[in-house]
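Shown next, in structure tokens, is the structure this report addresses.
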Amino acid sequence: MTDHVEQPSRVRIVMGVIGATIALGGVVAPLISHEMTTIAVHHLLHAGMAAGAGLLALAIAPVRTARERSAWIWPAVIAPAIGLLLMWPSEYAYLMSHRWLHLLDHLSIALMTFLAVYAAQAYVRGLGWLMLVLVVAMDAACAGGFGVSPGPSFLLRPVRRIPGVVVASNAATAGAAQKITTLHALGAKLYSTMGCSGCHSVDGSKGIGPSWENLAGYPQKLSNGKTMIADYSFLRTMILDPGKMDLAGYPAGVMPGTYKVMLTGAKHPHEVQLNAIIWYINTLSNKAGKASEPPVPDRLAK
């Protein structure tokens with residue numbers, strides 16, 4: 001008695017072509033564009049890529065009449081775990097600055113999804129569809145913040161009073177203060193969603209890059225032996241053009257240069273996100289002052 005039951009070949013061919021096209025698009029995305037502004041957007045791309053790879057696996061996987069094939073249980077369990085590790089948030093910034101490595105990472109994620117769905121379908125008939133739903137749901141949940149370190153909540157940290165701005169003496173000033181506080185909150189959110197938390201701590205602990213705690217306003221030693229105060233110009237340069245200044249004690253070339261495109265230019269004429277990040281860095285320092293604060297927009301200064 002045969003171990004296979006044929007499905008309509010046309011359905012499987014169409015499903016396979018659609019799945020392969022979607023998966024291939026997700027794999028080569030790093031070569032097409034690096035303007036993925038947030039980790040959430042990136043994980044949504046992973047979800048789409050997983051859906052395509054899973055459909056391809058289901059189109060290729062044989063449909064068996066037997067109840068199960070126990071040999072497939074281990075790849076069905078291990079492959080999703082490896083795929084999850086390949087999406088580790090702290091590697092986001094590094095991969096963004098190394099396109100071919102980024103493409104290899106996407107290819108590996110697609111292959112692990114393909115293996116997970118194929119193995120599940122081969123283990124128990126119909127289980128591949130459930131595995132596909134679970135993997136795509138996992139990627140979508142990551143896009144919503146589940147499993148991705150959010151960093152310290154700005155609600156749990158007192159907002160430093162910003163001289164000359166966050167001093168509400170009348171209704172107009174109170175409105176400006178509220179907007180500045182919101183800008184700080186945006187900076188706290190961007191700290192996690194743009195991958196900053198993978199390299200920079202906010203509690204003074206050393207990471208791949210310098211901690212943001214007590215960074216603004218303090219002298220910073222460069223690899224060339226010079227010392228510079230971390231004022232607004234310094235912070236801006238370190239974010240947008242990190243290759244211009246290498247800090248002593250930290251590896252050079254790790255900070256990606258993609259943030260200049262993500263935070264400035266025609267798409268960001270007011271540089272709101274950039275200034276929000278710098279405002280947030282200032283709130284983490286006990287020595288920050290006017291020199292390290294970004295310019296206050298005219299509409300707020302009034």
Item to check | Yes/no for T264 being of a type in the set (V, I, T) and touching a Lys or Arg at 6+ places or on another chain (Cβ under 8 Å) | outcome: no
Next on the checklist: Checking the structure you have, find out if any residue of the stretch 28-41 is buried (at least 18 other Cβ atoms within 10 Å of the Cβ), modelled with pLDDT under 85, farther than 24 Å from Q273 by Cβ and not assigned by TED's automatic domain parsing to the domain that holds I277.
Outcome noted: no
Checklist entry - If you go through the stretch 242-274 one residue at a time, how many are touching a helix residue (DSSP H, G or I) at 6+ places or on another chain (Cβ under 9 Å), closer than 22 Å to L101 by Cβ and not hydrophobic (A, V, I, L, M, F, W, C)? => result 7
Next on the checklist: With the requirement that a residue be free of Cβ contacts under 8 Å to residues at least 12 places away in the same chain and in a helix (DSSP H, G or I), what does the stretch 223-277 give you?
Outcome noted: S233, T237, K244
Next on the checklist: Looking at N282 and the list (1) in a helix (DSSP H, G or I); (2) buried (at least 19 other Cβ atoms within 10 Å of the Cβ); (3) within 22 Å of the chain's Cα centre (by Cα), which single condition is not satisfied?
Outcome noted: (3)
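Being hydroxyl-bearing (S, T, Y) and more than 13 Å from L186 (Cα to Cα) is the filter; apply it to the stretch 254-300 and report the residue that is modelled with the lowest pLDDT. Step through it out loud before you land on a result.
As a first pass, look at the stretch 254-300 and keep what is hydroxyl-bearing (S, T, Y): 258-259, 264, 280, 283, 285, 292.
Add one more test, that the residue is more than 13 Å from L186 (Cα to Cα), and what stays is 258-259, 264, 285, 292.
Values: T258: 79, Y259: 85, T264: 86, S285: 87, S292: 83.
Top of the filtered list is T258.
Condition (residue is exposed (fewer than 14 other Cβ atoms within 10 Å of the Cβ), more than 18 Å from L190 (Cα to Cα) and at pLDDT below 85) applied to the stretch 226-242: is it met by at least one residue?
From the stretch 226-242, those exposed (fewer than 14 other Cβ atoms within 10 Å of the Cβ) are 226-227, 233, 241; that's our starting set.
Now drop any that are not more than 18 Å from L190 (Cα to Cα), which leaves 226-227, 233, 241.
Filter once more, keeping what is at pLDDT below 85: none.
Checking the stretch 226-242: not a single residue is exposed (fewer than 14 other Cβ atoms within 10 Å of the Cβ), more than 18 Å from L190 (Cα to Cα) and at pLDDT below 85.
The values are calculated or read from the model by the stated rules, or taken from the named source; none is laboratory data. As the structure is a prediction and not an experimental result, all values here were calculated from the model. Note that each Cβ is placed from the backbone with ideal geometry, even for glycine, and that neighbours are counted across all protein chains shown.
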